[in-house]
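What follows is a set of notes on a single structure, which appears directly below.
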Amino acid sequence: MFDKILIANRGEIALRVIRACRALGVPSVAVHSEADADALHVRFADEAICIGPAAASESYLNVPRIIAAAEISGADAVHPGYGFLAENAEFAEICAESGLTFVGPSPEVIRRMGDKAEARRVMAEAGVPVVPGSHEPLEKERRAVSLARSIGYPVMLKAVAGGGGRGMRMARSDEEFRRHFGPARREAEQAFGDGRLYVERYLESARHVEFQILGDRHGRVLHLGERDCSIQRRHQKLVEESPSPGLDASLRERMGTAAVRGAQRVGYVGAGTVECLVDPTGAFYFMEMNTRIQVEHPVTEEVTGFDIVREQIRIAAGEPLHIPDKPIRLRGHAIEFRINAEDPARGFLPSPGRIVTFHVPGGPGVRVDTHAYAGYTIPPHYDSLIAKLICRGADRDEALGRARAALDEFVVEGIRTTIPFHQALLRDRRFLAGAVDTRFLESFTPDTATGLLLAGAAGS
Ligand code: MV4
């Protein structure tokens, strides 16, 4: 096991990793920007090093400063969390060159799964169904249009180096495809330094279902069940749950087997997520694989009882998985609500600022992962997530009932949050019936009582 782990991240995930370090008896080192001097991850880590001013490029994205902090503190491993450098192959390489263990897959696997066209090819070779579409990056526009036509409209133009929906554009005809092709390529070039695109058939009313994968350095790969993440706004997930209301035991078994087979083909080591789309007929298709711990991992922890971040660190230290070699049984139901510092009454406009009151809910089956506290100022420099409310119950109804009570107990004053959005969601009969797909939010008009203007709530 490691002597000391540096956490190259901030917010609730930095706290989460600190907790896993304590569970393993490993000292932790926090890095922080000047804007995060009074953040909880600074307070609760065993050591803390200020690495620069607020801007992420001067702090949490600044590789030389993070490596220097590791050297100064004598850390021998770096946990990247999610976002920032978590899926940056170059950072993983520099960690290895600096004699540090990067808690994640190898740079090669990060790079391979980061190329969304290559990931599709690898999964197809492993016999995993992939969304119908191109297997090579698109070259000339004319060829691309004929390919889109043969796939069948509507299609989704996606960036090879994208993921998470960034740079995604839908086209319903040749004309629309031609109109989007150039701008999509330029946007991808701008955002990722790689303008290559690929095209997939757009599955209209699908569910976004992802499988949690764990692979150790001894060739064992297993899955910890699925999470349904269909409720997304502009490709930001808002609610995630496990098990998915759209899966029965047979489909779960087939998807889990396919996800493990794909991860084995890749030689996956670490915690990863295989993201799929499930159409109304129950057919499923691989979409992309994420090589990081995800925001929504607690949903899986609550229905399996595993500490995924602790397993991640044990895997990186070369230890075998602590998980029995039999099919995973999901116990009960868990739902996560992302509490963001955004104002749903004003199109989810960011709402940073000082938190005056911060009362966190509790009771049976209620978990809150948060770095916020009364008196804390949410800085404007980073993402807007301030807390994750995870509620579990013996079944979905009990989890929903606990969520409704917990959200009513969750008092945050001084800034606006997405709590009213989630409260409105818990009054929507389609959501309560579990009948949501990726287009749910487009047609979600909360009851007027909340006065929520979700204008532009639909995906971009
Ligand atoms: C799709 C899709 C339907 N068909 N791809 C990919 C990244 C994720 N954030 C959203 N993604 C999707 N990719 C094809 N070929 C549906 C989604 C999707 C979605 C799209 C628009 C609005 C909300 C969505 C929620 C989940 C998944």
- Does Asp248 fit the bill of being more than 13 Å from the ligand (Cβ to nearest atom) and more than 28 Å from Ala89 (Cα to Cα)? yes
- Query: Has region 56-71 got at least one residue that is over 26 Å from Arg111 (Cα atoms), of a type in the set (Gly, Ala, Ser) and surrounded by fewer than 21 Cβ atoms within 10 Å (Cβ to Cβ)?
  - Reply: no
- Item | Single match in Lys116, Lys4 (criterion: among the charged types (D, E, K, R), crowded, with 17+ Cβ neighbours inside 10 Å and over 24 Å from Glu296 (Cα atoms)) | Lys4
- Query: Which residue out of Gln190, Gln236 is surrounded by fewer than 21 Cβ atoms within 10 Å (Cβ to Cβ) and under 30 Å from Asp428 (Cα atoms)?
  - Reply: Gln236
- Query: Given the structure, is Leu238 within 16 Å of the ligand (Cβ to nearest atom) and part of a loop (DSSP other than H, G, I, E, B)?
  - Reply: no
- Identify the single condition in (1) in contact with a strand residue (DSSP E or B) (Cβ under 7 Å, 6 or more places away or on another chain); (2) surrounded by 21 or more Cβ atoms within 10 Å (Cβ to Cβ); (3) at negative phi that Gly11 does not satisfy, given that it satisfies every other one. (3)
- Query: If you scan region 275-334, which residues turn out to be among the acidic types (Asp, Glu) and within 18 Å of Arg227 (Cα to Cα)?
  - Reply: Glu275, Asp279, Glu288, Glu296, Glu301, Glu302, Asp307
- Note on the structure: Restricting attention to region 279-332, the residues that are β-branched (Val, Ile, Thr), over 18 Å from the mean Cα position of the chain (by Cα) and within 16 Å of the ligand (Cβ to nearest atom) number exactly 1
- Which of the residues that make up region 152-174 are buried (at least 18 other Cβ atoms within 10 Å of the Cβ) and of a type outside the set (Gly, Ala, Ser)? Val155, Met156, Leu157, Lys158, Val160, Met168, Arg169
- Message: Just the residues that are surrounded by 21 or more Cβ atoms within 10 Å (Cβ to Cβ) and either among the hydroxyl-bearing types (Ser, Thr, Tyr) or not in a strand (DSSP E or B) (or both), please, taken from region 241-251.
- Response: Ser242, Pro243, Ser244, Gly246, Leu247
- Message: If I go through region 159-210 residue by residue, how many of them are touching a residue at least 60 places away in the same chain (Cβ under 8 Å), more than 18 Å from Glu275 (Cβ to Cβ) and within 14 Å of the ligand (Cβ to nearest atom)?
- Response: 1
- Task: Could you tell me whether region 207-220 includes any residue that is of a type in the set (S, T, N, Q) and closer than 30 Å to Ala258 by Cβ?
- Result: yes
- Query: Among Ala86, Ala77, Ala35, Ala23, which is the only one that is more than 24 Å from the chain's Cα centre (by Cα) and not acidic (Asp, Glu)?
  - Reply: Ala35
- Item | Members of region 261-276 that are surrounded by 23 or more Cβ atoms within 10 Å (Cβ to Cβ) and assigned to a strand (DSSP E or B) | Gly270, Ala271, Gly272, Thr273, Val274, Cys276
- For region 180-190, which residues satisfy the criterion of being over 17 Å from Ala148 (Cα atoms) and in contact with a strand residue (DSSP E or B) (Cβ under 6 Å, 6 or more places away or on another chain)? Ala188
- Task: Being farther than 21 Å from Gln264 by Cα, of a type in the set (Ser, Thr, Tyr) and modelled with pLDDT under 95 narrows it down to one of Ser173, Ser134, so name that one.
- Result: Ser134
- Would you mind finding the one in Ser73, Ser59, Ser106 that is in contact with a His (Cβ under 8 Å, 6 or more places away or on another chain), touching a residue at least 24 places away in the same chain (Cβ under 8 Å), more than 16 Å from the ligand (Cβ to nearest atom) and at negative phi? Ser59
- Task: Could you please find all residues in region 277-325 being more than 20 Å from Gly127 (Cα to Cα), of a type in the set (D, E, K, R) and either outside any loop (DSSP other than H, G, I, E, B) or in contact with a Gly (Cβ under 8 Å, 6 or more places away or on another chain) (or both)?
- Result: Arg292, Glu301, Glu302, Arg310, Glu311, Arg314
- Query: Got a number for residues in region 219-233 being within 16 Å of the ligand (Cβ to nearest atom) and of a type in the set (Lys, Arg)?
  - Reply: 2
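The values are calculated or read from the model by the stated rules, or taken from the named source; none is laboratory data. Values in this document were obtained by computation on a predicted structure and should not be read as measured data. Quick reminder, even Gly has a Cβ in these numbers, built from the backbone with ideal geometry, and neighbours come from all protein chains shown.
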